[in-house]
Amino acid sequence: MASIKCPKCGAPVPFDTGVKFVKCPYCASQIYVDRSGAGFYYALPYMVKENDAIGMFKRWAAGSTKAKDLDKLAQVAGVKRQYFPVYMFKRDLNGVEQVFIETAGSTTLPGLHSLKVPAGDLKIFDPSFDTQGAELVKPDIEMLSYLNTLPGKPKEQALVYFPIWKIDYVFNQKKYEIVLDGSSGEVFSAEFPMRSSTAYVAVAAVGFLAIAAEGLVATSSMLAAAILIAVTVVAVFGAALFVARRM
Ligand SMILES: [Zn+2]
């Protein structure tokens, strides 16, 4: 249940959706539940087109922490555009304006709790706004549940529909998903197929043992040990390079 701060005693007062007035259980004052703050609706236009979204996903999948050839082997199973609702709070913190973004829809999708609304790109969201066929996700979190917890004084609050691409893909018979910020192209992912580190660990272990053994050689011949260590370092470097390219 949402709550509102009692303007008289400061206590948090819970209220049901739909009510206009609520009585403070501590000081018994009548409180008007003001929802007028949510008057403005904005939307961000899609800067990333569908083909670009898939290209950005592939580039992300080619990253060094991803499973080998993920960019080539991942099969895109679905591409969906969604307008996800967030609240934008402008607050006055000792004369300095600060913007806070909070989700207005409950979601388990990655990244949606850290979206950044680029200033200047906001368009008024009204019936004439072209959503380009994107599904509008309905807000189901009350704005008031954030209002009382934010620092500073309220300057403006608005609902912003944020453009996202949701891309589902399959790798090794397992389904994964990413969220791509349709405004900036940033990729968010909770879980993805990772590059196996076993080969790297093996190379490092062999190198370590070799150098430890060569350290013993150094007690009888410094020069022999120096040559052996130099050879080992080159070999470990070469093996690591091989692992990086082939495995
Ligand atoms: Zn009160």
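The values are calculated or read from the model by the stated rules, or taken from the named source; none is laboratory data. Computed from a predicted model, the values in this text were never measured in an experiment. Every residue, glycine among them, receives a Cβ derived from its backbone with ideal geometry; neighbour counts consider all protein chains shown. Just so you know, the surface numbers come from the protein's heavy atoms only, side chains and all, with ligands and any DNA or RNA stripped out. Shrake-Rupley method; radii C 1.70, N 1.55, O 1.52, S 1.80 Å.
Here the range 30-49 is the region considered, the condition is being outside any loop (DSSP other than H, G, I, E, B) and surrounded by 14 or more Cβ atoms within 10 Å (Cβ to Cβ), and the residue that is modelled with the highest pLDDT is 43. Residue 125: modelled with pLDDT of 90 or more and not aliphatic (A, V, I, L, M), yes or no? Considered against the rule, which asks whether it is modelled with pLDDT of 90 or more and not aliphatic (A, V, I, L, M), residue 125 comes out as no.
Any residue at all in the range 103-123 that is over 22 Å from the mean Cα position of the chain (by Cα), touching a residue at least 12 places away in the same chain (Cβ under 8 Å) and not in a loop (DSSP other than H, G, I, E, B)? Yes - at least one qualifying residue is present in the range 103-123.
Checking the stated criteria, residue 226 turns out not to satisfy the condition of being in a helix (DSSP H, G or I) and either within 30 Å of residue 64 (Cβ to Cβ) or open to solvent by less than 50 Å² (accessible area, probe 1.4 Å) (or both). What pairs can you find where one residue is in the range 198-214 and of a type in the set (Lys, Arg), the other is assigned to a helix (DSSP H, G or I), and their Cβ atoms are less than 9 Å apart, with a gap of 6+ or different chains? Hits for this filter: zero, empty list.
All told, residue 151 meets the bar of being open to solvent by 20 Å² or more (accessible area, probe 1.4 Å) and touching a Lys or Arg at 6+ places or on another chain (Cβ under 9 Å).
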